[in-house]
Amino acid sequence: MRPVQSIHPTTYLFAARALRDFGDGFVAILLPVYLLALGFSPLQVGVIATASLFGSAFLTIVVGFLGAHRDLRGLLLGAASLMVATGAAMSVINDYALLLVVAFAGTINPSAGSVSVFVPLEHAVLTREVASVERTRMFARYSLVGSLASAFGALAVALPDLITPLGLGQLTAIKLMFILYALLGLAGAVLYARIPPRITGDEPPKAVLGPSRAIVFKLAALFSLDAFAGGFVVQSLLALWLFERFNLSLAEAGVFFFWSGVLSAFSFPVAAWLSKRVGLINTMVFTHIPSSIALMLAAFAPTLPLTLSLLLIRAALSQMDVPTRSSYVMAVVTEAERAAAASFTSVPRSLAAAASPALAGALFAASYRSLPLLICAALKITYDLLLLLQFRHVKPPEEC
């Protein structure tokens, strides 16, 4: 009789991320629609996005300290419980001040990307469970799963329009989508519970960051610039820009963000393949710059088809630095520092990204709707050049 093979922990991790990103995929697009339907302004939408990103930064700081000493599975279960509470609260609250509190304290993600309290914990678990030679490939698969799930989540934004003929108002239908978000968090908790309990090391390190502190802080500073730039065009604000400039419907926006997510998803294995040939840093930089140029051109494009085409080109290139960046950070620090390094490079990203949506919302309110796209592109190109200058000679072990 053949022994029953156990399921690898990364399988549960990938499945949980798929559920989480599916929820983020529709929430990021529905959030501005929901807030506008409640009577709030584009500036207030931007402030909600800022509050959610500041809250993510605060939670990430907490898990960065706890992750070096606590069971990662337990922390993931706590984060999943917070996702359940967030969805339930968003479905019943209409008051703006309370929505700000939920946005700050909860897991609402206006970027539908990797800015989340879950990310440093999942990175630490993933790195712990795979060999170094497989690390970049596994991060590419991890990102692929998340991006595909987010793409299908974007298609789900059409559900409110599909169920309103049944007698429900659009606002009620959107509230039901937040209930679905809560249920996805519950299912994710069931999957996280299947991950073996294990702390990051037999002996907790005396310092959260040790020998790699200098390189982590330098990377964190550069990643902050990148995230500040990206905050001007988080998915909720990009959706708002398309709604206001071209009067897109929810269904049309869902289809666009679906294909945008698909292109991003399949860029991840390409990034892993490319990094083996030209290196992690070169892959990050030389795919990022063309994507920023495409975003600049989209800001000036006169027609919807041309704008969407340029944004899809951007989507095919802009996320190739995600698995390579994660793999690079995990490669250049010691094993005991990985949870802290993931957190300390994520926190400044979250803080920096949190500052810019409110600024973008103010520019929207002042009718400078395309300016956030241009600011984002210019700052991202600056980041890429600085990253190349500072780290082109700092090689991960597999490139030495």
Original post:
Which number comes out as Rg/Rh for the range 88-193 once both Rg and the Kirkwood Rh are worked out on C-alpha atoms?
Top reply: 1.05
Original post:
Once all Cα-Cα distances of the range 304-366 are split into 10 Å bins that start at 0, what whole-number percent is in each one?
Top reply: 17, 27, 34, 17, 4
**OP:** About the Cα centre of the range 9-399, how large is the charge dipole given +1 on each Lys and Arg Cβ and -1 on each Asp and Glu Cβ? Please answer in debye to the nearest 20.
**Re:** 520
Subject >> Reduced Cα scattering model of the range 9-399, Debye log10 I(q)/I(0), q = 0.06, 0.09, 0.10, 0.13 Å⁻¹ >> reply: -0.20, -0.47, -0.58, -1.02
Subject >> Mean separation of Cα contacts under 8 Å (6+ apart) over length of the chain, as relative contact order % >> reply: 30
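FYI, it's all coordinate maths here, none of it is from the lab. None of the values given here were measured: they were computed from a predicted structure. When we count neighbours, we look across all protein chains shown, and the Cβ atoms used for this are built from the backbone with ideal geometry, even at glycine.
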